[in-house]
Amino acid sequence: RLTPHHHPTHHPQPKRKMQASIVAYKPVVSIRVQTVSGNKTATCVARSISSAKARCFKGTTCVPMARKAGVAATRRQLAAKVYANADLLACHGGDAFLSASQKAELEAICDMIAQPGKGITACDEGPATIGSRFEAVGISNSEEKRRAYRQMLFETPGANDYLCAAILDPETLYQKSSTSGKLFPEVLMGLGIVPGVKPHLKIYELPGQNGSTVMQGLDSLAMRCKEYKAAGCKFTKWRSPIVIDVAAGQPSLLTIETNMQDLARYALICQAEGLVPIVEPDVSLTGSHTLEEALAINVKIQSALFKYMNDHGVFMEGTILKSNIVNPGKNCPKAYTVEEIAAANIATHRRCFPSAMKSANYLSGGQSLSDAAARLSAINKLKTKQDPWNLSFSWSAALQMPLFALCKESKGELLLDEMAKLYIAELKIASAAALGKHDWNKGEGDHVPHC
């Protein structure tokens, strides 16, 4: 009740409508509370509260107010309720930050990438990495040679019959085709090849984790995504490299959680900036682990990845997976057939790969073209109605290393015409494998122990 002591005019104060307005009488204490309406959390300020009664004007539910002595307890109860509701609504699948049209744009890019029989040419090596490949065959590492080489990968006649996308290094985004004078992202889209970019920065070794690593670059990712989208990119690709070392207990739970949470956060940021995220948990071939161990560890890694993506509210239908082919370690003493390796990969997908995601594009990860193609084709041959995904390739070294081998005797010149012919032949093999129609030679794709 208002008294002359509080308001000499004897007129009650008007009640103001707010998101969670509260009317109370007789001033005692002032606190801040939060309310939940639908899937949104709003903040309201309660002034002059003396009783446990409060009135809310917009239908939101306020936690009953306590007197001054009970404020701390009320705050704890309120926080628990708000956090519980927020946690229940966390797996919103992008509803909290994407409109229907934004979702449709992301899905349209995923549809382009998930075209059966087409794959991704991964040419996102930085200047130092591609330079080492050049120098190994006697070619000097210059920006112009990097530009000319990548133009061949994009513009070779017929390449777009087998390619749906290209992953670029940031340097390549701003280079132009000598044929048309257009920037490469525009050239690629004109060919029906979706341009994307590698946005992560340097690798960092996690202290106390026996050499396990995490990728850096999340802090400035949103800003860089804006720049890449303005340059014509439609997607990004973030790689989280992981090594299996059973004796050392790696990958540990910390290693897995750190990398998979980073991939989830990366995916969330990219979608908020209008770019499709390709998530790449890259388990190395290094090691002596068996195929059975590789299967169990890859399931653990990928199930963590998809859980964290859902927990972060990532729009799963607007993402693509780029993963390693599940293989025994290079130094595994046990032999496996290509069919056994294929079965392990199908099992991995069936146990954890969401059907909401349209495509998995395998990396080559040090496999030769013949082994990678045999394994990919064998995997696709095992698919049934139970397996709705497009399973294709996103290869770098498997396609490129044979091209560089042509230049060993070239006296420092890029043999672009010869490279283009071999490149098309390789893409035909990769495309057939993505359809399960590549017939490999006996022994190709098998794991044979080293003597």
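The values are calculated or read from the model by the stated rules, or taken from the named source; none is laboratory data. All values reported here derive from a predicted model rather than from experimental measurement. Neighbour counts run over all protein chains shown; Cβ positions are idealised from the backbone, glycine included. In case anyone asks, the SASA skips ligands and DNA or RNA and just uses the protein heavy atoms, side chains included. Shrake-Rupley method; radii C 1.70, N 1.55, O 1.52, S 1.80 Å.
Structure notes:
- A 1.4 Å probe, protein heavy atoms only, puts the accessible area of residue 439 near 120 Å².
- Using a probe radius of 1.4 angstrom, the carbon and sulfur fraction of the accessible surface of the range 342-451 is 54%.
- Environment charge of residue 445, counting only residues whose C-beta is closer than 12 Å and scoring Lys/Arg +1, Asp/Glu -1: -3
- Each residue of the range 196-209 was assigned a 3J(HN,Hα) from its phi angle through the Karplus expression (A = 6.51, B = -1.76, C = 1.60, θ = phi - 60°), giving x, 8, 8, x, 6, 9, 8, 7, 10, 7, 6, x, x, 10 Hz with x at Gly and Pro.
- A cut-off under 12 angstrom between Cβ atoms defines the neighbours of residue 116, and their net charge, with Lys, Arg +1 and Asp, Glu -1, is +3.
- Net charge contributed by nearby residues that have their C-beta within less than 12 Å of residue 98 (K/R +1, D/E -1): -4
- Under Karplus coefficients 6.51, -1.76 and 1.60, residue-wise ³J(HN,Hα) of the range 246-263 in Hz, glycine/proline x: 4, 4, 8, x, 10, x, 6, 4, 4, 4, 5, 5, 4, 6, 6, 5, 5, 4
- Near residue 238, the amide H atoms lying under 5 Å from its own belong to 278, 280; only residues 5 or more places off or on other chains count, and H is placed 1.01 Å from N.
- Highest-first packing order for the peptide set 200-211, 265-276, 225-236 is 265-276, 225-236, 200-211, based on the mean count of other beta carbon atoms within 10 Å.
- Protection-proxy order for peptides 290-296, 127-133, 368-374, 403-409, each taking the mean of Cβ atoms within 10 Å per residue, highest first: 368-374, 290-296, 403-409, 127-133
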